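Undergrad: Before anything else, here's the structure in question.
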Amino acid sequence: MKEKLIVALDVNDLNKIKLLVDKLQSVVKYFKVGAIPFTYFGPELVRFLKDRGLKVMLDLKYHDIPNTVARACEGAMELGVDMLTMHISGGFTMMEEAVKAVSLVSDIKNISRPRLLGITVLTSIDEAYFKDLFGDVKRTIEEQVIFLARLAQSAGLDGVVASPQEITRIRENCGQDFLIITPGIRSEGEMVDDQARTMTAGQAIRAGADYIVVGRPIVAARDPLQAAKQIIKEMENAG
């Protein structure tokens, strides 16, 4: 279950990040580098993690014209990241061009390509917020997530990032080989902060998540290593 836990390094202090990684790398092998640390520290942080033999999910949520996203994906491959994300709402062509770009680089350089993941609907969005954003839409959030997941799969993406509440339906619609990465993980009784659609680690694994992403419950814990071990234990008990 250690490989299924991705710790989100959403911190703007490089020394703190390095200390966290040093503490956690005995049990955590996957780390997420999102907009906050990448804006502050850029490729240096990715290289720091890769030099330690760790895996990296580069979570920059690309959303732009197809050529721009394709070139950005090529750049991410130069860093050796293992996963990277883009918004499915960027459209079929954007995703398809990204797949073509990383596949071509992989063939030319004879290197493995990162898994490409589509962002469905952010876990901070609930039904009321969803309607505020998109008006009088006919779909519920869950229906929108399924629609986007199927679109991502048709464009050749390897999987999606979605809240734990949609895992079962995505699995039913997209099959067992389609990756589901799940943020919004909180322990029982814990504050959800700015997350709206959450579950515990055990619930997410039972529902069928391939990976879970955990940030503050580990990063902000008094003892991050113990917090990570507890979440891994919850996942093992559910698996």
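Undergrad: Can you tell me which residues in the stretch 4-43 are small (Gly, Ala, Ser) and either free of Cβ contacts under 8 Å to residues at least 12 places away in the same chain or buried (at least 16 other Cβ atoms within 10 Å of the Cβ) (or both)?
TA: Within the stretch 4-43, Ala8, Gly34, Gly42 qualify.
Undergrad: Let me ask another. Does Tyr62 satisfy the criteria of being surrounded by 16 or more Cβ atoms within 10 Å (Cβ to Cβ), hydroxyl-bearing (Ser, Thr, Tyr) and in contact (Cβ under 8 Å) with a residue 12 or more places away in the chain?
TA: yes
Undergrad: Here is a list of conditions, (1) more than 18 Å from Ala162 (Cα to Cα); (2) out of contact with any Asp or Glu (no Cβ under 9 Å at 6 or more places or on another chain); (3) modelled with pLDDT under 95, and Arg206 meets all of them except one; can you say which number that is?
TA: Unmet condition: (1).
Undergrad: Pick out the one residue from Met235, Met199 that is modelled with pLDDT of 90 or more and crowded, with 19+ Cβ neighbours inside 10 Å.
TA: Just a single option satisfies the conditions, and that option is Met235.
Undergrad: Further question on the same structure: Name every residue in the stretch 46-57 that is farther than 13 Å from Met83 by Cα and under 17 Å from the mean Cα position of the chain (by Cα), in order of residue number.
TA: The one that is farther than 13 Å from Met83 by Cα and under 17 Å from the mean Cα position of the chain (by Cα): Leu49.
Undergrad: I'm trying to understand the selection: among the residues of the stretch 70-116, which are among the small types (Gly, Ala, Ser) and part of a helix (DSSP H, G or I)?
TA: Within the stretch 70-116, Ala70, Ala72, Gly75, Ala76, Ser89, Gly90, Ala98, Ala101, Ser103, Ser106 qualify.
The values are calculated or read from the model by the stated rules, or taken from the named source; none is laboratory data. Note that the coordinates shown come from a computational prediction; the quantities given were computed from them, not determined experimentally. In this analysis, Cβ positions are derived from the backbone assuming ideal geometry, glycine residues included, and neighbour counts consider all displayed protein chains.
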